[in-house]
Amino acid sequence: MSATPRNSRFVTFEGIEGSGKTTQIQMLSNHLEERGIDHLLTREPGGTPIGDQVRRLVLDPGNTAMTPTCELLLYAAARAQHIEQVIRPALLAGRLVLCDRFKDATMAYQGSGRGIRLDLIDALHGLDTLSIRPDLTILFDIEAPAALQRARARDHTRSRDETRFEQESLEFHQRVRSGYLEMARQEPGRFVVVDARGTVEEVHHRVVGAMDRFLTTRGAPE
C-alpha cells in the first residue's frame, strides 16, 4: 500500500502547547467552507471513537505514571485507527484533509521531549498502516514561555481533563520546540513555519497565504 494516495492534499498543523494551532485550523476550516472548498477537519489523538478514548487516556493529568513507551504506543494505536478509518478514505476520495497534529507531534513530544530515539519512532511509522505522510505541515512557532502562559490561561476556561502536557516543565516544552524546528530545517519542502505571535487575525492571514500557495500547486478539490 502506498504511503499517500496520488495527488493527495493532506495538511497537518503542528506546534507546542499554546501556539494557537487549534484556533487557527478551525479558522482556516471556516475560511475554506466560505470559499466552497471541500475538506475534512480532524485531530490527533482522536478523530475516531477509539481514538477519542485514547485521547482521554494520554491527556488525563491524573495519568502521571504513564511511561514514555506506553505514551508512544497509545498515540501510534490511535493514529493507525485514524488513518484507516478517516484519513486515507478521505484522501482517496480527493478531499483536502486538515489534521490538528500528526506524526511530527510524536517525533517532537515523545522523541525530542521524552527522549525516545527518533529512529525507533520512524521504524514504528514504517508500518503500512502508519506510513502515510503529510503533503504540507504548517508549524506554529512561538517561544515556549509565552506559549505556556497562553496555554495555562486557556486552561482556566476549559475542562482540566486534557492538561497533562501543560503541566510539564518549561525545559520539556523548549526541547519539543527545538525538535519541531529541526524537522522543519530538515524538510523545508514540506514545512511552512508560521510566526505564531501577533493577533489571531494576523496569524490567520499568514495561514491563508500558506494554504493558497499550496492549493495553487496541488489544485483545490473539485
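Out of Thr129, Thr69, I need the residue that is of a type in the set (S, T, N, Q), out of contact with any strand residue (DSSP E or B) (no Cβ under 9 Å at 6 or more places or on another chain) and surrounded by 14 or more Cβ atoms within 10 Å (Cβ to Cβ). Which one?
Thr129
Could you tell me whether Asp122 is surrounded by fewer than 18 Cβ atoms within 10 Å (Cβ to Cβ) and of a type outside the set (S, T, N, Q)?
Answer is yes for this residue.
Within region 165-190, count every residue that is touching a Gly at 6+ places or on another chain (Cβ under 9 Å), within 17 Å of Asp122 (Cβ to Cβ) and either outside any helix (DSSP H, G or I) or not small (Gly, Ala, Ser) (or both).
Residues in region 165-190 being touching a Gly at 6+ places or on another chain (Cβ under 9 Å), within 17 Å of Asp122 (Cβ to Cβ) and either outside any helix (DSSP H, G or I) or not small (Gly, Ala, Ser) (or both): 1 in total.
Could you check region 1-41 and list, in sequence order, the residues that are buried (at least 19 other Cβ atoms within 10 Å of the Cβ), within 20 Å of Thr129 (Cα to Cα) and either basic (Lys, Arg) or modelled with pLDDT under 95 (or both)?
Result: Ser8, Arg9.
Taking Val207 as the residue in question, decide whether it is among the β-branched types (Val, Ile, Thr), touching a Gly at 6+ places or on another chain (Cβ under 7 Å) and buried (at least 19 other Cβ atoms within 10 Å of the Cβ).
No, not satisfied.
Considering only region 89-104, state which residues are in a helix (DSSP H, G or I) and either acidic (Asp, Glu) or within 16 Å of the chain's Cα centre (by Cα) (or both).
Hits for region 89-104 are Lys103, Asp104.
Give me the pairs: first residue in region 59-74 and closer than 17 Å to Leu118 by Cα, second residue basic (Lys, Arg) and surrounded by 15 or more Cβ atoms within 10 Å (Cβ to Cβ), beta-carbon distance under 8 Å, and six or more apart or on different chains, which are they?
That search, which allows pairs on different chains as well, returns Pro68/Arg114; Glu71/Arg114; Leu72/Arg114.
Out of all the residues in region 82-90, is one or more surrounded by fewer than 18 Cβ atoms within 10 Å (Cβ to Cβ), in contact (Cβ under 8 Å) with a residue 24 or more places away in the chain and not hydroxyl-bearing (Ser, Thr, Tyr)?
Yes, because at least one residue in region 82-90 is surrounded by fewer than 18 Cβ atoms within 10 Å (Cβ to Cβ), in contact (Cβ under 8 Å) with a residue 24 or more places away in the chain and not hydroxyl-bearing (Ser, Thr, Tyr).
Looking only at region 182-195, which residues are within 14 Å of the chain's Cα centre (by Cα) and under 13 Å from Ser112 (Cβ atoms)?
Met183, Ala184, listed by residue number.
Determine which member of the set Glu71, Glu44, Glu84 is in contact with a Cys (Cβ under 7 Å, 6 or more places away or on another chain), modelled with pLDDT of 95 or more and of a type outside the set (A, V, I, L, M).
Glu44 is the lone residue from the list that is in contact with a Cys (Cβ under 7 Å, 6 or more places away or on another chain), modelled with pLDDT of 95 or more and of a type outside the set (A, V, I, L, M).
The values are calculated or read from the model by the stated rules, or taken from the named source; none is laboratory data. Just so we're clear, the structure is a prediction, and the values are computed from it rather than from any experiment. So basically every Cβ, Gly included, is an ideal-geometry build from the backbone, and we count neighbours across all protein chains shown.
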